[in-house]
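I have placed the structure first, in the form of structure tokens, so that the comments after it can refer back to it.
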Amino acid sequence: MILVLYPRHHYVFAFGTILFVLTISVLGHRIGNVKIGERTIVFLAALLIIVPSVGSSGGRLDATVGELSLVPRPELETAYFLRGLKLRSSVRVCGSETPGPGTYAGENFQSVSALDKHQGFGEFVASHDISIIVEDGRIRQDPAFSQDREWQIFRAAPEKRGFSASVLPYSGIIVYVRLGLATAPDDSRK
């Protein structure tokens, strides 16, 4: 899954593989003396390769001992949220990630990069016909947005500009959706 969604994170698999090779190198001479079945070796190899991958995708032990929870990466959490919207038409999504959140959300979404913003916020939204804005840490720190008074006014009261705001629970990402564009997200995925 990581190779498909996040090709730039292929090093995660390399880490698990290197760890496996080092373990075999160090313990290799002892393996002949211990009776370990082929299935056990395959299981251990898979475990050493998969565990770093699960960790990089957000797998963690919560405060409750023994309860395993997998929190999606911010890009996935955003894509799941967008997929949950019941869209009436194709929309353009502005986000700071490349490729943008619209890429992972489905066919109804077209991505517009926040890097394309070279004018005031209102003009940017109008010229690119943007219907959804994904505000994450990068956009908050981007001078093109953080120093734009129109953006600051929009963030304070998106309803006045015809948008609703939804905060994604695990990442703190705020998704602004144009009013009337879609119904509430489908919570059946939880």
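Values for this structure:
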quantity: Rounded FRET efficiency, nearest 0.05, which uses the C-beta distance separating V167 from V26 and R0 of 35 Å; calculated: 0.15
quantity: Spatial extent of the stretch 84-137: Rg and Dmax, with the Cα atoms as the point set, Å; calculated: 10.8, 31
quantity: The stretch 127-141 - phi-based ³J(HN,Hα) in whole Hz, Karplus 6.51/-1.76/1.60, Gly and Pro as x; calculated: 5, 9, 6, 7, 10, 9, 10, 9, 9, 10, x, 5, 5, 4, 9
quantity: Integer Hz, Karplus 6.51/-1.76/1.60 couplings in order for the stretch 103-118, x for Gly and Pro; calculated: 4, 8, 7, x, 5, 6, 10, 10, 8, 10, 6, 5, 5, 7, 7, 10
quantity: Distant-in-sequence amide H partners of V112 (H built 1.01 Å from N, under 5 Å); calculated: V93, C94, G95
quantity: Amide H partners (placed H, <5 Å) of L85, local residues excluded; calculated: D186
quantity: Built amide H within the under 5 Å cut-off of F163, gap 5+; calculated: L179
quantity: Rounded to 5, the percent of DSSP beta bridges in the stretch 74-189 classed as antiparallel; calculated: 60
quantity: Bins of 5 Å, starting at 0 and running to the largest distance - Cα pair percent for the stretch 74-189; calculated: 2, 12, 25, 28, 21, 10, 2, 0
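Here, each number is a calculation from the coordinates, and none is a lab measurement. Since we're looking at a predicted model, the values are computed, not measured. No Cβ is skipped: glycine too gets one built from the backbone with ideal geometry, and neighbour counts run over all protein chains shown.
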